[in-house]
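The structure appears below as C-alpha cells.
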Amino acid sequence: MPISEQPTIAGRHCGGTLYTEPVLIIDQKPKLIEMSTEYAVLDENGQRLGSVVEVGQSRLKKATRFFGEFNNFFTHRLEMRDALDNPALTVTRPRKVFKSKVIVDGPAGEPIGRIVQENWMGKKRFALLADGTRIGTIHADRLFEPRRFTIVDHTDAEIARIIRTTAGLGRAIVSAETYALVIDEPLREPMAGLVLASAVAINTAIMQVKSTTVLDLIP
C-alpha cells in the first residue's frame, strides 16, 4: 500500500534484519473481528524480516474481545520476532483508563524501557524512558486520526518517524493498519529497542483502542 512519503534513505546500508534496516513496514493482519493482534514486519521491498504476535491470551479474554470493545480493560502482550521466529522484543501494554503505558523488554525479559503517554487532551505525546530517564519523545502530527508520529531524542533532534498508510475500503472494514517506521541513523540501545517497538506500541496504545472524548477537542 502507498505511504504518504517516500521512506527510502539514500546511502544507508540495509542489513536485512529488524535492527539494521532503515525502513520497516509494520503490516497488521486484516481480520473481520480482532481477537488476537498480528503483524508482518517487512523491509521496504516487501521482504519478510519478522512478525509480531499477541501472546498470553486466555480463552475468556478472546471471547470478551469477540463480543465487544473491551480492549482498554485488558493487558496486551505482543512479541516481536525475527525472520527465524526468535524473540527480539516484548511489548506489553497494561490495562488502561485514559493514558497508555507500554513496557518494552528484550528477548530474555531484560528491561529496555517504557513508552508513556503524557497527555490526554490535544495531540498525543509519548515519552521514551530508560531507567526512569527521558531519552526521547514521540509527537503526533494532529489531534484526530494522526498520520505521522515524529520521534526525537533528548535534544529534540528528529531521529525517526512513524507514517500510517491510507487504508483502502476493504482494510477499513476489517480494521487493519499499516505503518512505515523510518529511522534516520543507526541507533544504540536502549533507544534502538524503544524506536523499534514504537510502531507497534502506537497502534496498541491509541489507534486500535479508541479513547477520544470531548476533552480531546481542546488543543
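Would you mind checking region 117-156 for residues with the amide N under 16 Å from a putative spin-label position 7 Å along Cα→C-beta of Glu110?
130-131
Cross-link partners among aspartates and glutamates for Lys29, C-alpha distance below 13 Å, same-chain residues fewer than 8 apart left out?
Glu38, Glu54, Glu177
In nm, what is the difference between 0.36 nm times the number of residues separating Thr17 and Thr150 and their Cα-Cα distance?
Full-extension gain reported as 45.6 nm.
Collect residues whose amide H, placed 1.01 Å from N in the peptide plane, falls under 5 Å from the amide H of Gly50; neighbours closer than 5 in sequence don't count.
Hits under the 5 Å cutoff: Val41.
I want to check the label-to-label distance for Asn119 and Glu189. Put each point 7 Å from Cα in the C-beta direction and report it in nm to one decimal.
The modelled label-to-label distance comes out at 3.3 nm.
Round to the nearest 0.05 the FRET efficiency obtained for Arg95 and Asn45 when R0 = 45 Å and r is the Cβ-Cβ distance.
E between Arg95 and Asn45, to the nearest 0.05, is 0.75.
Cα centroids of region 99-115 and region 143-165: how far apart, whole angstrom?
Distance between centres, Cα-based: 19 Å.
Since every read-out is calculated from the coordinates, none of them should be taken as a lab result. All values derive from a computational prediction rather than experimental measurement. As a convention, Cβ positions derive from the backbone with ideal geometry for all residues, glycine included, and neighbour counts pool all protein chains shown.
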